[in-house]
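First the structure, in the form of structure tokens, and then the observations on it.
Values in this text are rule-based calculations from the coordinates and carry no lab data. Here the structure is a predicted model, which means the values were calculated and not measured. Note: ideal-geometry Cβ built from the backbone for every residue, glycine included; neighbour counts use all protein chains shown.
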Amino acid sequence: MKQTDDYLLKEELSNIDLIFGQLWDVSADGMQLTDEEGRILLVNDSFCKIFQLNKQQLIGNPFPVVYAKPEQDEALKFYQQDIRNKEIKTRFEREYTLWNGRKTWLEFSNSFLALPDGNKITLSIVKDISERKSSEIELRESEQKFKMLFNNLNDAVFVTQLSRDRSYGDFIEVNDIACKRLGYTRDEFLRLSPSAIVWQKNIDDFNLFSEKLLKEGHVIYDIVHRAKDKKLIPVEINSHLFLYNDKLTSLSIARDITERKQAEQKLARSSRLLRELAVHLQSVREEERTLIAHEIHDELGQVLTALKISVSLLEKKLNKNQTALKQKVNALADMIDSSVESVQKISSKLRPGILDELGLIAAIEWQAEEFENLTNIKCNLVLPREEIKLERNKATAIFRIFQESLTNIARHSGADKATVSLLNHQSMIYLEIHDNGRGITQNQIRDFKSLGIHGMEERAMVFGGQLNIDGITGIGTTVKVEIPID
Ligand SMILES: Nc1ncnc2c1ncn2[C@@H]1O[C@H](COP(=O)(O)OP(=O)(O)OP(=O)(O)O)[C@@H](O)[C@H]1O
Ligand SMILES: [Mg+2]
């Protein structure tokens, strides 16, 4: 019976030997057995491959033969120390210089094995981890580079895990500029919700854009941040959405636009001033023209009338036989008549009295007739039946736009027909002047030198209105103006 047991045990042991033998041979890890002095007893093929030495070069030699000379003594010293202290560093990784000068990262798992005879041997399992290490190093370096970039940007950067219930989540990372600009430490930031740094008056906008970010994945918007010391900082936010640890996360870059905002305000102020100046100049010019028109009309008109009376008295005093003299006096009277006409023309060109006396519609009718007579361009009018009550400056503006449009038609269009329509509807006044000429081009409209057109636009804008010009080549040009009546 005992014999059979022994037999079975032996057979089992030899099976285990077989399995371990196989394992030893096929393992991808290098394996080595060393005695207490550090001499190599056995190595497997993978071990030979890692160190690029064959079994003859290894077995029987002290294990440090695999390393470069300067590292050999130290390796042996530590090994012997461990043996003496009966403890062994079971697992460690280190960069070694191998016997052939090649630098290699190795991971060791060592363990003592006690032999039945009381001796100890060491089993070392070795892995070449150079590739893993170099990618780890690369990763660490790129992380460092990224961190440097992150902290050296001129803009504040916030990484936020998004959630609606926490007023759009929690900060999970901020850069140095964000801390410096808003006066919170990184730790304080990580306890805040993103809405906490938004100026109270902008909260609705912030919520709106956060929703848009969730929907569209990217938003750019202007908002005002409020620092810890309550200082307000206008910023332009550029946010992107991405998944981080399976959670919706946003990366937001906040650019300080204080200077841009100040420049915008300055620009807005100076263009407002320029507009006010233009309005002022126009009204001064208009007043001057009215004044000169009146003076010419009244003063010169009176002088001419007096002259006319004197000349006709003179004519009456002449004898019938003074024919030559009579002819001269008559010619003088004709000259005075045509001078009176000129004076009237000049004064109404300066400022048509009809505009002040009878209103815009009458002035347009009069001007259109003059235009037709002067240019032979037929002018169709579609006008309201009743005069529109308009403030003097506004009536002047519309009339001047109308005049400039007619002048342009006469000078540039080559048209033979023009249509003018004036309409007042729901406290707006609409004026449209169309011609059937060559058609203005977009470049001509936009040209900085088109001062006549820009002047018309300016006049409309002064009264909160607008002017549009459109041209179709060969079809004609249309000027459309709309101005609020009140
Ligand atoms: N009705 C039109 N038909 C065709 N071209 C036009 C018409 N009105 C204007 N233009 C074009 O647009 C240009 C700009 O017009 P704008 O009134 O600004 O300047 P202008 O008439 O040339 O000079 P001004 O400053 O004396 O008015 C004109 O030079 C002309 O080429
Ligand atoms: Mg012009």
Spin-label point model (7 Å from Cα, Cβ direction): what's the Glu295 to Lys378 distance in nm? 4.4 nm
Gyration tensor on Cα atoms of segment 357-484, a ≥ b ≥ c root eigenvalues, a/c under 1.5 rounded, else prolate if a/b beats b/c, else oblate, says oblate
Can you tell me the dipole magnitude for the chain around its Cα centre, using point charges on the Cβ only (Lys, Arg +1; Asp, Glu -1), in Debye to the nearest 20? 1760 debye
Shape metrics for segment 1-139, restricted to C-alpha atoms - Rg then Dmax, Å: 17.5, 66
Pulled fully out, how much extra length does the chain show between Lys247 and His454, if you take 0.36 nm times their separation in residues and subtract their Cα-Cα distance? 69.0 nm
Just tell me which lysines come within less than 30 Å, Cα to Cα, of Lys320; anything on the same chain fewer than 8 places away is out. Lys308, Lys328
Compare the Cα positions of Gly465, Ala75, Ser310 along the charge dipole of the chain (+1 at Cβ of Lys, Arg; -1 at Cβ of Asp, Glu; about the Cα centre) and return the one farthest towards the positive end. Ser310
Over all viewing directions the Cα convex hull of the chain casts an average projected area in nm² of 51.3 nm²
Folded to 0 to 90 degrees: helix 258-295 orientation relative to the chain principal axis, Cα: 0 degrees
Whole angstrom only: what separates the Cα centroid of segment 143-184 from the Cα centroid of segment 343-404? 65 Å
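Past the 23 Å Cα-Cα mark, which pairs from Lys49/Lys103; Lys55/Lys89; Lys345/Lys378; Lys389/Lys480; Lys230/Lys261; Lys394/Lys449? Can you show the working numbers first?
Numbers: Lys49/Lys103 15 Å; Lys55/Lys89 25 Å; Lys345/Lys378 21 Å; Lys389/Lys480 20 Å; Lys230/Lys261 19 Å; Lys394/Lys449 25 Å.
Lys55/Lys89; Lys394/Lys449, as the Cα separations exceed 23 Å there.
Suppose the chain between Asn424 and Ala331 were pulled fully straight at 0.36 nm per residue; how much longer would it get relative to their current alpha carbon spacing?
Roughly 28.5 nm would be gained on extension.
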Length gained if Lys77 through Gln442 is fully extended, taking 0.36 nm per residue and subtracting the Cα-Cα distance, is 122.4 nm
Can you spot the lysines whose alpha carbon is less than 20 Å from Lys145's alpha carbon? Ignore those fewer than 8 places along the same chain. Lys133
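For the chain, what's the relative contact order in percent, using C-alpha pairs closer than 8 Å and at least 6 residues apart?
On the way: 699 pairs, mean separation 31.1, N = 486.
It rounds to 6 percent for the chain.
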For a label point 7 Å along the Cα-to-beta-carbon line of Leu307, residues of segment 265-295 with backbone N under 20 Å: 292-295
